[in-house]
Amino acid sequence: MTAHNSLSKKHQAWSGLFSEPVSVITQRFTASIDFDQRLWREDIQGSLAHAKMLCIQNVISAQDLLDIERGMAQITKEIESGQFEFSLAHEDIHLNIEKRLTELVGEAGKRLHTGRSRNDQVALDVRLYTRRAVDELRASVVELQKALLMQAKQNVHTILPGFTHLQVAQPVSFEHHCLAYVEMLMRDAERLIDARKRVDTLPLGAAALAGTTFPIDRDHVAKSLGFARIAENSLDAVSDRDFVIEVVSACATIMMHLSRLSEELVLWMNPRFAFVRLPDRFTTGSSIMPQKKNPDVAELIRGKTGRVYGHLMGLLTLMKGQALAYNKDNQEDKEPLFDTVDTVTGSLRIMAEMLAGLQTVPANMRAAAMEGYATATDLADYLVRKGMAFREAHEVVALAVKAAQEAQKDLSALSLKELQTFSGLIGEDVFACLSLEGSLAARDHFGGTAPRQVEAAIARAYARLSAG
Ligand code: ARG
């Protein structure tokens, strides 16, 4: 919603101190209403808590409080129904609401700002917004984890080549692969929870920068807004935005993880891999090439990661040159914050839905795992168990792989006799560890890809999710 352009109508000087109104171009340049209007709920919530406290402290009357509450209820209705006229002439959400309140209830509206400044007011609104956003982000992270766990459970027996350097390395189960992302997201959720602790601080009471001369009760306001802590220092309370930076940083890390997953989906969708099928509702066609099915959603998530990194860098840079305390620079904190929250929430949600509909093609995964000598390490480990030193075993197997490559066969397709030409230690029991299943089952320790270990890991992951 673009603010109503009622510049000429309400174009008046800031106060009696000013000999002329700000120019139209300045007004446009400095206004934030076009983007901070989405803080309206937080702004009203904070104002109501402030007014209640002022009344208890006998700074405003009970009648003032009633008037303010009535006015705010009306404004809430107006905004919800789209009737409210956001005006550029009133610069930001705080002044827009205050002006309308005064129109509606008169004198009491003018008293609301007692003992407060827009500096602590905006810091409060941004904290309230960020706290709620973090909770929503966490919920979306959990939804994605659940989608990954569902995929894991459906793919207990699906084996694919694990890669290093994007070259076939060792076989792993698809469930183990899914659980790797569940772990990344566990840490992402922890980072959000940790950042939330520092978001959860009440700045109100700092007023412009030095505190206020009125007998305010900050404990009361903190309690009514559910803040765990009260900002210790008024200068810090109005000026720092490190809590925004922390949350955006946690978001940038989430995007980095989503981007890696996206990159894998793009690869797996490529017909050379053909490891997965994405539901058509998450793919798009080409306007010129009729055969194409493109993984646009995954590509866009990968692309949007750059934009979130940009916001993080922008915010860090925004803060670095600011002398204490509040500076108008801080108005620039909102767009990157809002866009980060929207982008990350949107990406998490669509990724969860897409994964819920993802179909694996186990035969293709298996064929790929059979192609790259994925069990070569298993043969080396076998020789070590028979008494050979690992470095020597490594060389023996390298020669075996070379021979198998020349014969265009997998190691497991070589005969016992052929294998024995590389080492007399090799016996009939070698074939058990040359199979993909044997390779997985052998990695039977905490964190390994053996099916029974991965099943235990799934159970632990569910337990950790429900423990919150
Ligand atoms: N729109 C401002 C912001 O977003 C609100 C605070 C302005 N305070 C001031 N003294 N100019 O930061």
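The values are calculated or read from the model by the stated rules, or taken from the named source; none is laboratory data. Model, not experiment: these values are computed from the prediction. Cβ placement follows ideal geometry from the backbone for every residue including glycine, while neighbour counts extend to all protein chains displayed.
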Segments classed as helices (runs of 4 or more DSSP H), wholly inside the range 218-299, with at least 2 members that are among the acidic types (Asp, Glu): 242-269
Checking Arg116 against (1) away from the ligand (no atom under 16 Å from the Cβ); (2) surrounded by 23 or more Cβ atoms within 10 Å (Cβ to Cβ), which single condition isn't satisfied? (1)
For the range 410-457, please list each of the helices (runs of 4 or more DSSP H) lying entirely inside it that holds at least 3 residues being of a type in the set (Gly, Ala, Ser) and under 30 Å from Ala180 (Cα atoms). 436-442
Assuming Leu355 fulfils every condition listed in (1) touching a Phe, Trp or Tyr at 6+ places or on another chain (Cβ under 8 Å); (2) at pLDDT 95 or above apart from one, which condition is it? (1)
Test result for Leu179, touching a residue at least 24 places away in the same chain (Cβ under 8 Å) and touching a Lys or Arg at 6+ places or on another chain (Cβ under 7 Å): no
Look through the range 22-47, keep the residues that are away from the ligand (no atom under 16 Å from the Cβ) and more than 31 Å from the chain's Cα centre (by Cα), and return whichever of them is surrounded by the most Cβ atoms within 10 Å (Cβ to Cβ). Val24
List the number of the failed condition for Gly82; all other conditions in (1) assigned to a loop (DSSP other than H, G, I, E, B); (2) within 16 Å of the ligand (Cβ to nearest atom) hold. (2)
Criterion first (of a type in the set (Phe, Trp, Tyr), within 16 Å of the ligand (Cβ to nearest atom) and either under 23 Å from the mean Cα position of the chain (by Cα) or more than 30 Å from Asp120 (Cα to Cα) (or both)) does Phe338 satisfy it? yes
Within the range 68-93, the residues that are within 18 Å of Arg41 (Cβ to Cβ), polar (S, T, N, Q) and in contact (Cβ under 8 Å) with a residue 24 or more places away in the chain are Gln74, Thr76
Checking Met370 against (1) free of Cβ contacts under 8 Å to residues at least 60 places away in the same chain; (2) surrounded by fewer than 22 Cβ atoms within 10 Å (Cβ to Cβ); (3) more than 23 Å from the chain's Cα centre (by Cα), which test does it fail? (1)
Mind listing whichever residues of the range 93-113 are within 16 Å of the ligand (Cβ to nearest atom) and either on the phi > 0 side of the Ramachandran plot or in contact with a Leu (Cβ under 9 Å, 6 or more places away or on another chain) (or both)? Ile93, His94, Glu98, Leu112
Within the range 344-366, is even one residue of a type in the set (Gly, Ala, Ser) and either more than 30 Å from Phe163 (Cβ to Cβ) or within 16 Å of the ligand (Cβ to nearest atom) (or both)? no
Could you list, in sequence order, all residues of the range 312-333 that are touching a residue at least 60 places away in the same chain (Cβ under 8 Å) and within 16 Å of the ligand (Cβ to nearest atom)? Leu315, Leu318, Met319, Gln322, Leu324, Ala325, Tyr326, Asn327, Lys328, Asn330, Gln331, Asp333
